[in-house]
Amino acid sequence: MESDLTVEMVENFSPEDAKAMDKPAEMFYCKPSDNTYKIKFIRYKLRDYDSGITLADLEHPDIDEEQLLSDEIPDEERVINYKFGPDFLDLQTIGTQLEFAVGDKEVKDFLMIEKHYFKDRILKDYMFDFKFCIPNTVNTWEQIYDLPELTDEEKEEIIENPYEVKSDTFFFVQDKLVMHSRAIYDYSPFDV
Amino acid sequence: MVLLKIIRKIKEKEKEMRLLILGLDNAGKTTILKKFMGEDTEDISPTLGFNIETIEHKDCKLNVWDVGGQKTIRSYWRNYYEQTDGLIWVVDSGDKLRLMDCKKELHNLLSQEKLAGASLMIFCNKQDMAGALTIEEISEVLEIEQIEKRHWNIQACSAITGEGLLDGVDWIVDDIKSRIFMHG
């Protein structure tokens, strides 16, 4: 599919295109410098909703504007790697909290579309309309949801195939793609 | 946990419900939200933008928006009115000096077209503090009896102890449900 993707298609990548995707992207659909609203992730927190235990709390390195918008970073380094371990697949309800800052421009019609895949199968997809962000503010969004139900065979397959779980997160402002995050996930046992 | 009780009440018919929490700065909006979510309520700093909680359970979804209340950002509140099913207005029951400000902002909000019809729950927060005004006293200053063409209710609460929170949210969710049922 990727080979059919023309530059023009990527340039006009719309929320409709994102909704229609049925397999993980193999490339970035926009450049860091397309983030003209200077949306910056500050922190990502993951908790088990049933026990309240924090499973991950990742603070993004504090980078300046020049680094944030730099197109010099190789694509491989832009892909985020998560290592969760096999127990994660047994969780039922989780809360993911995203903390982000926005620059000095108003962000109108701010929309996020995220999809998670295992191999070429969609595990979970969702959309969130942030509506509006006040200039120069820090905002948080927590989403609490049930993890997809998986059979023991599926769990085993996921554990045995590290980084075959992938996600794409697209952020649009007034239907224009401003950010694309890609992540890959490993659920194999931690090295002891 | 408060939240699961709420989400269980939202049945297929509604699918998605949206609550907006507003009030003057330091009223305790974020603390109420954190308490709902079973999160730590210590070390909460003033909200400059928003805090959103989305809870999905089976096919239902509840979105709760808490937008900062400082004077400089109140003019941005209007960006969040659309599709609001329920409005939660939080009052600092100990802040006697700003109660008139609080009344003015509340009535201004209620005159907004985009919020027409939204159910209103007024939380008289910080009841655990000495010298807190009672809900009768607050009702009188805010002139809530004059609110027309809207379902409203008022509830004493403490975001720190959690007292009153579930009753208040129970009421607003039930009220939204009954409205949707009647008109949907």
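Annotations
- Taking the range B:58-100 as the range and being within 7 Å of chain A (Cβ to nearest Cβ) and open to solvent by 10 Å² or more (accessible area, probe 1.4 Å) as the test, the residues that pass are B:ILE73, B:TYR76, B:ASN79.
- Matching residues in the range A:143-162 - criterion: being loosely packed, with under 15 Cβ neighbours inside 10 Å, away from chain B (no Cβ under 14 Å) and not charged (D, E, K, R): A:THR151, A:ASN161, A:PRO162
- Checking B:ILE160, B:ILE147 one by one, the residue that is out of contact with any helix residue (DSSP H, G or I) (no Cβ under 6 Å at 6 or more places or on another chain) and free of Cβ contacts under 8 Å to residues at least 60 places away in the same chain is B:ILE147 and no other.
- Within the range A:108-133, the residues that satisfy the criterion of being surrounded by 15 or more Cβ atoms within 10 Å (Cβ to Cβ) and more than 10 Å from chain B (Cβ to nearest Cβ) are A:PHE110, A:LEU111, A:MET112, A:ILE113, A:GLU114, A:LYS115, A:HIS116, A:TYR117, A:PHE118, A:LEU123, A:ASP125.
Okay, residues lined up against (1) more than 19 Å from A:TYR126 (Cα to Cα); (2) modelled with pLDDT of 95 or more; (3) open to solvent by less than 80 Å² (accessible area, probe 1.4 Å); (4) of a type in the set (A, V, I, L, M):
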| position | (1), (2), (3), (4) |
| --- | --- |
| A:THR6 | yes, no, yes, no |
| A:THR36 | yes, yes, yes, no |
| A:LEU46 | no, no, yes, yes |
| A:ILE53 | yes, no, no, yes |
| A:PRO61 | yes, no, no, no |
| A:SER70 | yes, no, yes, no |
| A:LYS83 | yes, no, no, no |
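- Among residues of the range A:153-172 that are part of a loop (DSSP other than H, G, I, E, B), those with a Cβ under 6 angstrom from a residue that is open to solvent by 40 Å² or more (accessible area, probe 1.4 Å), sequence gap 6+ or separate chain, pair up as A:GLU164/A:LYS119.
- The range B:1-23 - residue that is at pLDDT 75 or above and open to solvent by 10 Å² or more (accessible area, probe 1.4 Å) and, of those, farthest from B:ARG74 (Cα to Cα): B:LYS15
- All conditions but one from (1) open to solvent by less than 40 Å² (accessible area, probe 1.4 Å); (2) over 21 Å from B:LEU20 (Cβ atoms); (3) touching a residue at least 60 places away in the same chain (Cβ under 8 Å); (4) not acidic (Asp, Glu) apply to B:ILE172; the one that does not is (2).
The values are calculated or read from the model by the stated rules, or taken from the named source; none is laboratory data. Given the structure is predicted, the values throughout are model-derived calculations rather than measurements. No Cβ is skipped: glycine too gets one built from the backbone with ideal geometry, and neighbour counts run over all protein chains shown. All accessible areas refer to the heavy atoms of the entire protein, side chains included, with ligands and DNA or RNA removed. Shrake-Rupley method; radii C 1.70, N 1.55, O 1.52, S 1.80 Å.
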